[in-house]
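Below is one structure; the comments refer to it alone.
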């Protein structure tokens, strides 16, 4: 897997490969003071009736709730202070994860009485996230990625936000990403399909505290926030990951993950 600078709001018109192991891009754990935010509040309506009693993040994958995946991925990068955003079936999530001791991490909770977009979830968790860059992950993502490398890349590029993106042939789901148009930001965020390459958000972001300056009150989506950041001259980066990736957005996706597990295509979760 090769990390690449594939999206840069400051004028990189073409993908520029950054080879892992290059002197300017060495892998190291840079997360002594970094924290993580896992988004686990969604209702998972496209997985009803399964999610009527069980929140999506607690659906089992390989005998463990899927939320183990983002937690252990963060832990593998040295991030052990993790905030879990909750809403739907929040008591079940809190009862299951507890303090995080079973997984070797420290978990705190940011509860939302109503969902108003990912930006609002980030804004609500601000008091728990500190003043260092932090990782935001969807709670139902299975990703074979070196998160330490993503953090190093974010730091080396002096980025205000780094979005992990991935190849995706299903352009109708999110809309492809075009490197050479002014609408590439909205395409990257899953809005306004454009003709071009098939690259999509992977539900993993590294954000600097500067993002809080651009989060609106009330309903707040990250796409709108990133657009405001770009307009203010902030530096956004994209990190291309071509490793295994899946999420539990609907029954079709869940069934496909189970099919892949049965054939040995799904990598094991990082060691707890």
Convex hull of region 34-262 built on C-alpha atoms - directionally averaged projected area, nm²
12.0
Could you pull the Cα extents of region 205-272 along its three principal axes, largest to smallest, in whole Å?
48, 24, 23
Any chance you could run the full-extension gain for residue 242 through residue 45? It's 0.36 nm times the residue separation minus the Cα-Cα distance, nm to one decimal.
68.1 nm
So if each residue of separation counts as 0.36 nm, and I subtract the Cα-Cα distance between residue 108 and residue 228, what length gain in nm does that give?
40.3 nm
Quote the convex hull volume per residue of region 31-100, based on C-alpha atoms, as a whole number of Å³.
84
Stretch gain in nm, segment residue 213-residue 265, where the contour uses 0.36 nm per residue and the Cα spacing is subtracted
14.6 nm
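Every number in this text was worked out from the coordinates using simple rules, so none of it is lab data. Quick caveat, the model's predicted, so the values are computed rather than measured.
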